[in-house]
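To keep things clear, I will list the structure first and then write my remarks on it.
The values are calculated or read from the model by the stated rules, or taken from the named source; none is laboratory data. Because the structure is a prediction, the values reported are computed rather than measured. Glycine also receives a Cβ, built like all others from the backbone with ideal geometry; neighbour counts cover every protein chain displayed. For accessibility, only protein heavy atoms count, side chains too; no ligands or nucleic acids. Shrake-Rupley method; radii C 1.70, N 1.55, O 1.52, S 1.80 Å.
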Amino acid sequence: MNKDEERGFALEVVQQLRAAGYEALWAGGCVRDLCMGKAPSDYDVATSATPQQVRVVFGKRRTLPVGVAFGVVIVLAPRPGASQVEVATFRTDGGYSDGRHPDAVVFSTAQEDAKRRDFTINGMFYDPESNEIIDYVGGEDDIRAGLIRAIGKADHRLSEDKLRMLRAIRFAAKFGFRIESDTRSAVARHASEITLVSGERIYSELRKTLETTRADWAIREWYEVGLLKYILPELAALGDTERERAARALTACGPGDWLHKLCVSLWFAVKEDPTAVAPVVLSLRSRLKLANEESDAIGFCLQVQNLLRHSETKRWSSVQPVLANKHARQAVAVFGAIANGIESGHESLRHTHEWLVGQLSLPQKKLNPEPLLNGADLIACGLPPNPQFQQILGQARALQLDGILLDRRAALDWLAGNVSR
Ligand code: ATP
Ligand code: MG
């Protein structure tokens, strides 16, 4: 579905609920985006209908009861595989004894529903039929002023759901806004309570924040409000100058690719000590519940930086396995960001980066040629399969890559000579 169709479907959902006698409005992030003149990535609808009533209006087959206890139902577009809209009943959230989720919710009015939302910019409604913004919380003013402000008493709102501390910084980074001073002091007061939030949720906020164009600002802000030592202690432990370098290296990175930015910044924590890479990656993985693929990529990108730095003077046989690795592009990009970002003035590093990019664009047959020898050749030479196999094949591979063994004939001669010795 394209953007217009998505908007059309979100309008239809509102119209159908209204036709059935309920109040219905667009709510939250989509209203904020519209207000800023951006196309919303998705639409949420808030309504006076209860989840059961929503399911009656759209039919059981087109609704998914994803969070009925919180009043949330997903409504699917009639065409399978097309868009969906989250429809949530107006509600007031009860106490938050676990620091993250409301203990109970009570269905209520639009005005009450606005008050349970996190920040004023996220607390508005929009009537898609009359094209009016309905703003009970001063969200429009704060968008104009570029402010992230908690709805209600900041101290209370940030302590009841600790994730909001990270959300405040994420939205500020995403929109280039400031965090309003009461809200910011409340974040600073409650920072240590972020440990009540699950690793998965911290990870998701960290990732989205790094994906913005202001990841550098976010690192400084996390540090200043006291959150950095809980979410990226490796960076919090750096001296001011190094941490500032780590932040600055992200300035040149642009939007997207959080993993790249995480590696660039973490490199400052491990650069003096390659043996630190494995423990850092292990700790990240268990804290943030990273997928294996992600932590492998981070580990690889950090581990090979020193080798990449000196790659132009190293033997091809030591550089090639790095460039043939599936994470090679990522690792070279991290190297590029470090070389171009912080170490400006280091012409030779930039040259090395260009050289690496050139090597990566070699045809696969050149970058990673088929090995000249395999295990069968060793057996044919009379060697019984044993652990030495890998070593001999490794030696042959290095000689091949370094251009000493040019073809299979030469490799077989080399093997014969080696085995008989
Ligand atoms: P994004 O563009 O990142 O999706 P969003 O504003 O849509 O931004 P969501 O996490 O999708 O953010 O949440 C939708 C809406 O639900 C928010 O705009 C806000 O009104 C409300 N909301 C989400 N999380 C919280 C929270 N932790 N506390 C209070 N309100 C929240
Ligand atoms: Mg959203």
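What to note about this one:
- Residue pairs meeting the criteria (Cβ under 6 Å; at least 6 apart or on separate chains; first within 16 Å of ligand 2 (Cβ to nearest atom), in the range 16-28; second open to solvent by 20 Å² or more (accessible area, probe 1.4 Å) and assigned to a loop (DSSP other than H, G, I, E, B)): none
- Whichever residue in the range 132-141 is without any contact (Cβ under 8 Å) to a residue 24 or more places away in the chain and more than 28 Å from GLU193 (Cβ to Cβ) and, among such residues, is farthest from the chain's Cα centre (by Cα): GLU132
- Tally of residues being in a helix (DSSP H, G or I) and either open to solvent by less than 20 Å² (accessible area, probe 1.4 Å) or away from ligand 1 (no atom under 12 Å from the Cβ) (or both) across the range 36-72: 13
- Only one entry of GLN391, GLN303, GLN395 meets the criterion of being open to solvent by 60 Å² or more (accessible area, probe 1.4 Å) and touching a Pro at 6+ places or on another chain (Cβ under 9 Å), and that entry is GLN303.
- The range 315-338 - residue that is more than 19 Å from ALA396 (Cβ to Cβ) and not in a helix (DSSP H, G or I) and, of those, least open to solvent (accessible area, probe 1.4 Å): HIS327
- Residue check, THR213 open to solvent by 20 Å² or more (accessible area, probe 1.4 Å), over 22 Å from GLY29 (Cβ atoms) and of a type in the set (Val, Ile, Thr): no
- Of all residues in the range 115-142, those being away from ligand 2 (no atom under 16 Å from the Cβ), within 25 Å of HIS190 (Cα to Cα) and among the aliphatic types (A, V, I, L, M) number 1.
- Residues that are closer than 15 Å to ASN122 by Cα and free of Cβ contacts under 8 Å to residues at least 24 places away in the same chain, drawn from the range 142-182: ARG144, ALA145
- Qualifying residue in the range 47-65 (condition: within 16 Å of ligand 2 (Cβ to nearest atom), aliphatic (A, V, I, L, M) and within 22 Å of VAL105 (Cβ to Cβ)): no
- In the range 182-214, the residues that are of a type in the set (Ser, Thr, Tyr), away from ligand 2 (no atom under 16 Å from the Cβ) and either in a helix (DSSP H, G or I) or under 25 Å from ASN292 (Cβ atoms) (or both): THR183, SER185, SER192, THR195, SER198, TYR203
- Residue satisfying all of: in the range 240-252; among the small types (Gly, Ala, Ser) and within 27 Å of GLY199 (Cβ to Cβ); surrounded by the fewest Cβ atoms within 10 Å (Cβ to Cβ) among these: ALA247
- Flag for VAL68 being under 29 Å from the mean Cα position of the chain (by Cα) and among the β-branched types (Val, Ile, Thr): yes
- Of all residues in the range 142-170, exactly one satisfies the criterion of being open to solvent by 30 Å² or more (accessible area, probe 1.4 Å) and of a type in the set (A, V, I, L, M, F, W, C), namely ALA145.
- If you go through the range 163-181 and keep only what is under 23 Å from LYS229 (Cβ atoms) and either more than 9 Å from ligand 1 (Cβ to nearest atom) or in contact with a His (Cβ under 6 Å, 6 or more places away or on another chain) (or both), you end up with MET165, LEU166, ALA168, ILE169, ALA172, ALA173, ARG178, ILE179, SER181.
- Test for TYR22: is it among the hydroxyl-bearing types (Ser, Thr, Tyr), in a loop (DSSP other than H, G, I, E, B), open to solvent by 20 Å² or more (accessible area, probe 1.4 Å) and more than 16 Å from ligand 1 (Cβ to nearest atom): yes
- Across the range 71-92, not a single residue is classified as small (Gly, Ala, Ser), free of Cβ contacts under 8 Å to residues at least 24 places away in the same chain and within 14 Å of ligand 2 (Cβ to nearest atom).
- Against the list (1) over 30 Å from SER159 (Cβ atoms); (2) open to solvent by less than 20 Å² (accessible area, probe 1.4 Å); (3) in contact with a helix residue (DSSP H, G or I) (Cβ under 7 Å, 6 or more places away or on another chain), the condition GLY123 fails is (1).
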